[in-house]
1. Taking only pairs six or more apart or across chains, which ones have beta-carbon atoms under 8 Å, a first residue in the range 195-207 that is without any contact (Cβ under 8 Å) to a residue 24 or more places away in the chain, and a second residue that is part of a strand (DSSP E or B) and surrounded by fewer than 16 Cβ atoms within 10 Å (Cβ to Cβ)?
2. Out of the residues in the range 257-271 that are open to solvent by less than 60 Å² (accessible area, probe 1.4 Å) and of a type in the set (Ser, Thr, Tyr), state the one that is nearest to LYS311 (Cα to Cα).
3. Can you tell me which condition GLN170 does not meet? The list is (1) touching a strand residue (DSSP E or B) at 6+ places or on another chain (Cβ under 6 Å); (2) buried (at least 18 other Cβ atoms within 10 Å of the Cβ), and all the others hold.
4. Does the range 121-177 hold any residues that are among the small types (Gly, Ala, Ser) and within 22 Å of the chain's Cα centre (by Cα), and which are they?
5. In the range 82-138, which residues are more than 30 Å from GLU249 (Cβ to Cβ), among the aromatic types (Phe, Trp, Tyr) and either open to solvent by less than 80 Å² (accessible area, probe 1.4 Å) or in the same structural domain as HIS243 (by the TED database) (or both)?
6. Of a type outside the set (Lys, Arg) and open to solvent by 30 Å² or more (accessible area, probe 1.4 Å), is that true of THR149?
7. Of all residues in the range 382-402, how many are among the hydroxyl-bearing types (Ser, Thr, Tyr) and touching a residue at least 24 places away in the same chain (Cβ under 8 Å)?
8. State which residue pairs qualify: first residue closer than 18 Å to LEU276 by Cα and inside the range 307-331, second residue in a helix (DSSP H, G or I) and acidic (Asp, Glu) in any location, beta carbons under 7 Å apart, and separation of 6 or more residues or different chains.
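The values are calculated or read from the model by the stated rules, or taken from the named source; none is laboratory data. Worth saying up front: this structure is predicted, and the values here are computed from it rather than measured. Here the Cβ is made from the backbone with ideal geometry for all residues, glycine too, and neighbour counts use every protein chain on show. Note: accessible area is taken over every heavy atom of the protein model, side chains too, but ligands, DNA and RNA are not part of it. Shrake-Rupley method; radii C 1.70, N 1.55, O 1.52, S 1.80 Å.
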Amino acid sequence: FFFFRVTAMEKKLAEYKCSTNEAIQLKLVRFPEDLEDDSTTFNPEYSHQVFGDDEVAFGYKGLKILLYYIAGNLSTLFRIDYTSKVNEKFDCVEADDVESKIREIIPPGFCTNTDDFVSLLEKEVNFKPFGMLLHTYTVHNEEAGEDITYQIYKADMTCPGFQEYHERLQTFLMWFIETASFIDIDDERWNYFLVFEKYNKDGATLFATVGYMTVYNYYVYPDKTRPRVSQMLILPPFQGEGHGAQLLETVHRYYMSSPTVLDITAEDPSDNYIKLRDFVLVKLCQDLLCFSPGKLMQGFSQEMVMEAQQKLKINKQHTRRVYEILRLRATDMGDAEQSRSYRLDVKRRLIGPYKKKQRELAKMRRCLRPEELTNQLNQIDLNMQHEQLEESFQQLVSDYRRVLERLAQA
């Protein structure tokens, strides 16, 4: 009987569990009617940093956590709705304090009711982007049947109102970057690059936030800096339209013109960021003389390293990837000799870490085991390595081909 009671209780309690990724509803609002329009709503990819690894909130049925932002200055509406909440009938069970968890990451000064939020929306016409305009570009929008204009600005904490705006903007990181963290804004070595869309409302030109990137300027002895991309986010309604590539290229061009910059790197880059960077760097490098087809076929050279670093602030490791991508484009993979030469060239680079590991293993085993066993184990390792190496190579070539396809369409 007790067991039955427990399972019935568990069942009942399970009804009060909600996925926080589904419960959190985000919106970028331009017009009052957007508030009721479900097609403008989007959900987080992650909520573990706020709600724990299970990404679950307990104690509610039909939980909705509304986080609506005015498209430009990101003034926020925060509200929690639910159909029912656990009460005293459940012994010793308390609902999660969802509100205080959200309050920890969103800055104070938000609205809690729709009317206040709508009246703020009317003031949005006064919002202008922060900082210095670096780049303007257009993207053709099929739905609207017209070209939409976007602008990229560089800002810092000295811009009036930017600090408060940035506090609201960075809350999005928690929902879309797996290992996101807020940065120390008192450190002056941070640069901020922002993307805005220009749009019309009642005959006025307004600006909507599209995404941004933070870059930290590390000091390199004696008189250089090494800008390192820390976090980059294009908001979901704008993803897949090429804004990430525009932003990264603009940032590269901004630093390229500075004589004190050594090269540009990234902190703990995701796979998606690496693919984006490959595309942007190949696009920048393809017209350099050192990457002409004739020189590519002669192999990776110091000349490539020097020219890419001096002219485009690209480091050796990234230059090597650019070389491999451009060499793939110049190689006839249907020609057995050319294909073999390319394969060997890339695998020689890939095998570096394996060889190092092999040497370390051999050292260990000399101390631990008799000679013949070592040889056998090395043999097994080698076969596995060849398989892994081939797999890595195939994966790389397929990534490289995607970069080249995108380049062909650019």
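1. THR205/LYS198
2. Ranking the qualifying residues of the range 257-271, first place goes to SER258.
3. All conditions are met except number (1).
4. ALA155, the sole residue that qualifies.
5. PHE90, PHE110, PHE117
6. For THR149, the condition - of a type outside the set (Lys, Arg) and open to solvent by 30 Å² or more (accessible area, probe 1.4 Å) - is met.
7. Here the count works out to 2.
8. What qualifies is ARG321/ASP278; ILE325/ASP278.
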